[in-house]
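Reading through the structure tokens given below for one structure.
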Amino acid sequence: MALNPSITLYTYAMSPFAEKVHCCLLYKQLHFQCHYLNPLRLKKDLPVGHQIPVLTINGESRADSTPIAEWLDECFPEQPRLLPEAGAERERLLDIDQWISHRLIPGHFRAYPGEGWNRQRIENAWVLSHVMNKTAHGGLPWILRKLWPLIIASQGFIRHMLAMTDLDTPLPQAKRKLFAEFVEKLDGGPFLGGRNTPSLPDFSAFPLFAVPWMVNFHHSDDVLEFPEIIAWLQRLQPYLSSTPPLLPQTVVERSLDTLFDGVQQHSKPVLPTNCATAPPHADH
């Protein structure tokens, strides 16, 4: 690959699959530009296909997040790898990545903007419209921003994602189950699959926990119940701290540092009011 390649990521700011590629590029320490597409011009502005993400390197374009990640390893083998070249570990990591695509991401769409017609779901959908309006080239007409909850609910892609979830299980229980399964996928390691260094599934999952917090979705603080996930996010963040940032600063409501501070407060035991001034127990 030639020095200083021209790289452009065609993306939406809130797409988990596009954010996955964004994280891969940051980890690879590659210089790239984000082209935040306007959904009204999607087919016209995409270099290939009809869905994001699309990545263009020196005029060649590829679609679909996992094949893009594999392509990045082929094009830039001297940069940190996203996957081992071959073997059982590579297959295991791809299996975890598939679990994220078929379980965690559908659950993410069920949680944000949410399900049913209630205030929290509508407000989350308006957060999505705000982010889209601020990032998409040319913005959105005001009527579309107001109708975004209806527009999101009518999208075939969203309905397909929801159909992959267990709709019979109440959302809070389903969410906790997914988070517990995610902790199992860490397998005791600093990163997914029990690895000491991050890999593709880590970058697939990172936006699903980080972005809802950063845009201040309702119930994005549910992750505070799982300190193992917060610790994993904190370990992964330094690998993703270069530019362009995962979200443009104009749409960030809360930093990840406030999440890391929040888990310490969340896990701090609260004494009953009648015991607040009691002396500490003696050491034995």
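Observations on the structure shown:
- Cα gyration tensor shape for the range 1-112, rounded if a/c is under 1.5, else prolate or oblate: oblate
- Taking all protein chains together, 15, 241 sort by accessible area into 241, 15, largest first [probe 1.4 Å].
- Taking the chain and dividing mean pair separation by its residue count, relative contact order in percent (alpha carbons under 8 Å, at least six apart): 21 percent
- The solvent-accessible area of residue 187, taken with every protein chain present and a 1.4 Å probe, is close to 90 Å².
- Rounded to the nearest 10 Å², the accessible area of residue 126 at probe 1.4 Å: 110 Å²
- Taking a span of 18 Å or more along the helix axis (Cα atoms) and a mean Kyte-Doolittle hydropathy of at least -0.5 as the rule, the DSSP H helices of the chain that qualify are 171-186, 200-215.
- Percentage relative contact order, the range 31-134, counting C-alpha pairs under 8 Å, at least six apart: 11 percent
- Two-decimal ratio, the chain, of alpha-carbon radius of gyration to 2.2 N^0.38 Å: 1.07
- Estimated from helices alone, the mean residue ellipticity of the chain at 222 nm is -14500 deg cm²/dmol (sum of -39500 (n - 2.57) over DSSP H runs with n ≥ 4, per residue).
- Contact order normalised by residue count of the range 1-74, Cα under 8 Å, 6+ apart, percent: 36 percent
- Taking all Cα-Cα distances within the range 177-246, those exceeding 17 Å account for 39%.
- Theoretical gain in end-to-end length, residue 254 to residue 126 [0.36 nm per residue, Cα-Cα removed]: 44.4 nm
- Counting lysine pairs in the chain that sit 8 or more residues apart in sequence, or on different chains, and whose Cα atoms lie under 19 Å apart gives 5.
- Heavy atoms of residue 250: accessible area, 1.4 Å probe, square angstrom to 10: 100 Å²
The values are calculated or read from the model by the stated rules, or taken from the named source; none is laboratory data. As the structure is a prediction and not an experimental result, all values here were calculated from the model. Only protein heavy atoms, including side chains, enter the accessible area calculation; ligands, DNA and RNA are left aside. Shrake-Rupley method; radii C 1.70, N 1.55, O 1.52, S 1.80 Å.
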